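The values are calculated or read from the model by the stated rules, or taken from the named source; none is laboratory data. These numbers were taken from a predicted model, which means no experiment stands behind them. Note that we place each Cβ from the backbone using ideal geometry, even for glycine, and neighbour counts take in every protein chain shown.
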Amino acid sequence: MLKNIIYLLSVQGGNYIFPLVTLPYLVRILEPTGYGIYGYSFAVVQYFILFIDYGFNYSAPKIISISRENTDSISKVFWNVTFIKIIAASLGLLIIYLISELNIIDYQIKFIILAYISVVGNLIYPVWFFQGLEKMLGIAISMFSARLLTLCLTFLLVKSEKDLGIAITIQSSITVIAGIISTYFLFSLKKIIWVPPSLSKMKELIYDGWHYFISSAAISLYTTSSTIILGALSGTTAVGYFIAADKIRLALQGVIGPITQAVFPRVTYIMKDNHDDGLLLARKVFRWQFSLMLVLSIFLYFFADDIILIMYGKTYHESLEILKVLAFTPAIVTVSNYIAILVMIPIGMKKEFTKIITTSGLIGLLIITYLTNEYSGVGTAIGVISTEFIIMARFYFLIKKTNKLNNLNLL
């Protein structure tokens, strides 16, 4: 399991560390307005990625983990999930075409189309399959190679504001390259045989992933949508300042996901036979993970001035207060992730999990909209961290109230 955590950390770390290398360069070259359009385009496309992911990043690994010795069973999951994703990606292309024809967001559409390449990459990059088998080396190598190549291309080809389209194309090609490379590792495992997709199996998988999808969609209400709301109310320059700060926060927060994703199949597998042992493993991982994130959050808050100045220069002074507001979000999200993914879902509380995320997401959307209208990017940041705190508190008090942990300490 430790190897898979390291491999997933390298994948997720690459998702944030490599962009942090190019980030100071891009924000200076593209300037706040250009970088705002860059971020806005990917924020729009993130909705399509959410739609294609559906919830399979959690539901599919769970099924594969339990059936990992049954080649026929996991092959059915692989081909049916892939076919569902192809249908979803095709629908996404149709929506993009309609947006283009109706001129709904005309000045952005060409950049959104370029960013949509990342949706295709997401389709052919099966992290969820490797995750379920707990064999993450191939995925780690694929993503590292793709990130390294696109890092070099960014510095070679993006030279001025006029190269905004090139910058977006390079960024959106990362998962395409990683997907092509990972195909080799996928079939070298010799775990996949051809099984024709069936309507009944697709329905089953869609049903199984429903709660994960709804919760992910609800989360997007106060994450992805925050950028869209800020752009609509304050313009793309404000988006540039906000995203510049948020990228740093997300780089730290990116440590959480890989650990949770790597531990999740193992916790689920153990809880199938021994509920208490699974919870003890989850709690052990959480304690050192939270300690790390709390230290990093404190560091981020007190050194925000230096971080912004060194990375972006004086032009991005408006990002400073935004970063300070967001600094403790990673620590809060660590608690939420642990309770929701490693406790509530394995013990059968998917409906409660979905309800909290959905209602909190709607509340967060209202909070973010109001505060963004009043205080621009700083208001957006306050809205984001407030929503995360509400979710964390609701998860905690629900678990304490239901008493499903056999008197074991949650934290």
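Listed values, structure above:
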| quantity | calculated |
| --- | --- |
| Residue count, the stretch 363-383 (criterion: among the hydrophobic types (A, V, I, L, M, F, W, C) and either outside any helix (DSSP H, G or I) or within 19 Å of the chain's Cα centre (by Cα) (or both)) | 2 |
| Condition broken by I308, with the remaining ones in (1) without any contact (Cβ under 8 Å) to a residue 60 or more places away in the chain; (2) in contact with a His (Cβ under 9 Å, 6 or more places away or on another chain) satisfied | (1) |
| Verdict on T223 being under 24 Å from the mean Cα position of the chain (by Cα), at pLDDT below 90, under 30 Å from T369 (Cβ atoms) and surrounded by 15 or more Cβ atoms within 10 Å (Cβ to Cβ) | yes |
| Filter result for D208 (modelled with pLDDT of 90 or more and within 25 Å of Y47 (Cα to Cα)) | no |
| Count - residues of the stretch 53-77 that are over 23 Å from S216 (Cβ atoms), in a helix (DSSP H, G or I) and hydroxyl-bearing (S, T, Y) | 3 |
| Test: residue in the stretch 88-107 that is in contact (Cβ under 8 Å) with a residue 12 or more places away in the chain, more than 30 Å from G235 (Cβ to Cβ) and in contact with a helix residue (DSSP H, G or I) (Cβ under 7 Å, 6 or more places away or on another chain) | yes |
| Test: residue in the stretch 110-121 that is within 30 Å of T236 (Cβ to Cβ) and not in a helix (DSSP H, G or I) | yes |
| From the options G138, G132, G121, residue that is in contact with a Pro (Cβ under 6 Å, 6 or more places away or on another chain), buried (at least 17 other Cβ atoms within 10 Å of the Cβ) and among the small types (G, A, S) | G132 |
| Tally of residues being of a type in the set (A, V, I, L, M, F, W, C) and touching an Asp or Glu at 6+ places or on another chain (Cβ under 6 Å) across the stretch 31-73 | 0 |
| Total residues in the stretch 387-403, condition surrounded by fewer than 17 Cβ atoms within 10 Å (Cβ to Cβ) and hydroxyl-bearing (S, T, Y) | 2 |
| Of all residues making up the stretch 64-83, the number that are surrounded by fewer than 21 Cβ atoms within 10 Å (Cβ to Cβ) and of a type in the set (A, V, I, L, M) | 1 |
| Candidates L342, L320, L281 - the one that is part of a helix (DSSP H, G or I), without any contact (Cβ under 8 Å) to a residue 24 or more places away in the chain and surrounded by 16 or more Cβ atoms within 10 Å (Cβ to Cβ) | L281 |
| The stretch 31-52, residues that are under 12 Å from the mean Cα position of the chain (by Cα) and within 12 Å of S216 (Cα to Cα) | Q46, Y47, I49, L50 |
| Scan of the stretch 128-146 for residues that are under 19 Å from D72 (Cα atoms) and of a type in the set (A, V, I, L, M, F, W, C), ordered by number | W128, F129, F130, L133 |
| Tally of residues being among the charged types (D, E, K, R), at pLDDT 85 or above and over 18 Å from the mean Cα position of the chain (by Cα) across the stretch 53-76 | 2 |
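One line per residue, one yes/no per condition, for (1) at pLDDT 75 or above; (2) under 21 Å from the mean Cα position of the chain (by Cα); (3) acidic (D, E); (4) in the same structural domain as V27 (by the TED database):
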| position | (1), (2), (3), (4) |
| --- | --- |
| G231 | yes, yes, no, no |
| Y241 | yes, yes, no, no |
| A251 | yes, yes, no, no |
| A262 | no, yes, no, no |
| D277 | yes, no, yes, no |
